[in-house]
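Novice: Pasting a structure here, questions to come.
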Amino acid sequence: MGKKGIITLAFIAVSNWAANAQNSEYYIPGEGEGIAYFLPKTAVEVNVIATKVKYEPGDFCQYANRYLRITNVTSEPSTKWEIKKIEVRTVGVPDSTKAFIIKLNDKSVMSDIEVTDNNIIKAINTSAPESTAPKYTLEKSLPAEDGRRYMTEEILTAGSTAKMAELTAKEIYNIRESKNLILRGQADAMPKDGASLKLIIDNLDKQEKALTQMFTGKRTTEDKLFSTVILPEKELTEAIAMRFSEKLGVLTSDNLSGEPIYIKIESLNPIPMIADSEEKSKNKKAPKGILYNIPGKANVTVTFKGKTIFEDNNLLFAQFGNTELLVNDLFNKKVNTRVVFDSITGGIKKIDKD
């Protein structure tokens, strides 16, 4: 959510609402009166959805091949992770080298300044559209049914595990035969309509699955979201965003237990990067007006195990562009200029005037 109106930082004294701003100066904490705002740097947020797969062996796992001809069934429980999706988006963070204070005077017609929660400028004399973070659907499998619910009295009273497995396998074959007879229209009591047929078949499928899992074991899955933010001060040729392990899941970039997920950020903009502005910010005034960014394009690539997972060559970055000025004349009493800024890049998204 943006904050509308003149923003008062804890260490800035702000004059009354009637007086409005015209001249941007580099902001120095504790000095001057006015409206403080930042231009942003552009960061990259990497979001990984990973699926946790948990396996629990069935009670009759050692008899799966003998009675059901199902091979490769293990008796050892296990947990593994799989990467389901990797997505990348840009976000804006305040650039401490581009902190400005708009001096107050009586000639300006700025009636409304809008900034983000972290004081990045969003709009002047209008409201910026609300931005929404992406919503991810994280799936989770339903708990597996207990196959014992569908065991007959004969199975439950069998004298050994081997006998129980044998009788359970016979029950599975009986269920399959019943389904086949119904589907062929050869059952003694056929369902009266399609809805009844579906209900019976679904119930038989549920029983078969639950009993079969007594041999094959149960697998449950659960998605989890992992995010990291990377703020490039310059181009990145092969930075490690995160690491991934099939046993441990998504890990931090410095955890050598996983394989690296690489990110590459390459500037495509012909405008050279702006030199460090620390010296500028010391008691020097910026030109009169409102400062904003002209962002530059960059190509962002994410790779894992030599395979490209994400690539976009049309992302905009404040760091790879330049800083320009909206001059005073756009905000005098003869002109009502409305400006909407991009809080991710600091560029102008829309500008119009009366």
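Novice: Is there a residue being assigned to a strand (DSSP E or B), open to solvent by less than 40 Å² (accessible area, probe 1.4 Å) and closer than 25 Å to Asn332 by Cα anywhere in the range 82-93?
Specialist: No, the range 82-93 contains no residue that is assigned to a strand (DSSP E or B), open to solvent by less than 40 Å² (accessible area, probe 1.4 Å) and closer than 25 Å to Asn332 by Cα.
Novice: Name every residue in the range 125-143 that is exposed (fewer than 15 other Cβ atoms within 10 Å of the Cβ) and among the aliphatic types (A, V, I, L, M), in order of residue number.
Specialist: Scanning the range 125-143 gives Ala133, Leu138, Leu142.
Novice: Only one of (1) polar (S, T, N, Q); (2) out of contact with any Asp or Glu (no Cβ under 8 Å at 6 or more places or on another chain); (3) surrounded by 12 or more Cβ atoms within 10 Å (Cβ to Cβ); (4) free of Cβ contacts under 8 Å to residues at least 24 places away in the same chain fails for Thr157. Which number is that?
Specialist: (3)
Novice: Please verify whether Lys122 is at pLDDT below 85, open to solvent by less than 100 Å² (accessible area, probe 1.4 Å) and over 30 Å from Ile201 (Cα atoms), treating the condition exactly as stated. Walk me through how you get there before you give the answer.
Specialist: Numbers: at pLDDT below 85: no; open to solvent by less than 100 Å² (accessible area, probe 1.4 Å): yes; over 30 Å from Ile201 (Cα atoms): yes.
No; evaluated as a whole, the condition is false for this residue.
Novice: Now, a different point. Among the residues of the range 289-302, are any open to solvent by 50 Å² or more (accessible area, probe 1.4 Å), part of a strand (DSSP E or B), farther than 16 Å from Val46 by Cβ and at pLDDT 90 or above?
Specialist: We begin by selecting, within the range 289-302, every residue open to solvent by 50 Å² or more (accessible area, probe 1.4 Å); these are 294, 297.
Now narrow it down to the ones that are part of a strand (DSSP E or B): 294, 297.
When the remaining residues are screened for being farther than 16 Å from Val46 by Cβ, the result is 294, 297.
From what is left, the residues that are at pLDDT 90 or above are 294, 297.
Yes, there is a match, as at least one residue in the range 289-302 is open to solvent by 50 Å² or more (accessible area, probe 1.4 Å), part of a strand (DSSP E or B), farther than 16 Å from Val46 by Cβ and at pLDDT 90 or above.
Novice: Next up: Please tell me if Tyr55 is hydroxyl-bearing (Ser, Thr, Tyr) and modelled with pLDDT under 75. Break it down stepwise before answering.
Specialist: Numbers: hydroxyl-bearing (Ser, Thr, Tyr): yes; modelled with pLDDT under 75: no.
Spelling it out, it is not the case that Tyr55 is hydroxyl-bearing (Ser, Thr, Tyr) and modelled with pLDDT under 75.
Novice: Looking at the range 254-270, which of its residues are touching a Lys or Arg at 6+ places or on another chain (Cβ under 6 Å) and either polar (S, T, N, Q) or closer than 26 Å to Pro295 by Cβ (or both)?
Specialist: Of everything in the range 254-270, those that are touching a Lys or Arg at 6+ places or on another chain (Cβ under 6 Å) and either polar (S, T, N, Q) or closer than 26 Å to Pro295 by Cβ (or both) turn out to be Asn255, Leu268, Asn269.
Novice: Report, by residue number, each residue of the range 324-352 that is surrounded by 13 or more Cβ atoms within 10 Å (Cβ to Cβ) and under 11 Å from Asn125 (Cα atoms).
Specialist: Phe331, Asn336, Thr337, Arg338, Val339, Val340, Ile351, listed by residue number.
Novice: Here is a follow-up. Go through the range 287-317 and give me each residue that's aliphatic (A, V, I, L, M) and within 21 Å of Glu233 (Cβ to Cβ).
Specialist: The initial filter retains those residues of the range 287-317 that are aliphatic (A, V, I, L, M), namely 290-291, 294, 298, 300, 302, 309, 315-316.
Once the filter is applied, which keeps residues that are aliphatic (A, V, I, L, M) and within 21 Å of Glu233 (Cβ to Cβ), the range 287-317 yields Leu291, Ile294, Ala298, Val300, Val302, Leu315, Leu316.
Novice: Tell me which residues, restricted to the range 254-274, are assigned to a loop (DSSP other than H, G, I, E, B) and either more than 13 Å from Phe304 (Cβ to Cβ) or modelled with pLDDT under 95 (or both).
Specialist: Just the residues of the range 254-274 that are assigned to a loop (DSSP other than H, G, I, E, B), to begin with: 254-258, 268-274.
Within the range 254-274, Asp254, Asn255, Leu256, Ser257, Leu268, Asn269, Pro270, Ile271, Pro272, Met273, Ile274 meet the criteria.
Novice: Right, another one. Quick check on the range 64-74. Is at least one of its residues within 30 Å of Ile101 (Cα to Cα), at pLDDT 95 or above and of a type in the set (Ser, Thr, Tyr)?
Specialist: Of all residues in the range 64-74, those within 30 Å of Ile101 (Cα to Cα) come to none.
The answer is no, given that none of the residues of the range 64-74 is within 30 Å of Ile101 (Cα to Cα), at pLDDT 95 or above and of a type in the set (Ser, Thr, Tyr).
The values are calculated or read from the model by the stated rules, or taken from the named source; none is laboratory data. Owing to the predicted nature of the structure, the values given are computational and were not obtained by experimental measurement. All Cβ positions, glycine included, derive from the backbone under ideal geometry; neighbour counts span all protein chains shown. Quick note on the areas: whole protein, heavy atoms, side chains included, nothing else; ligands and nucleic acids left out. Shrake-Rupley method; radii C 1.70, N 1.55, O 1.52, S 1.80 Å.
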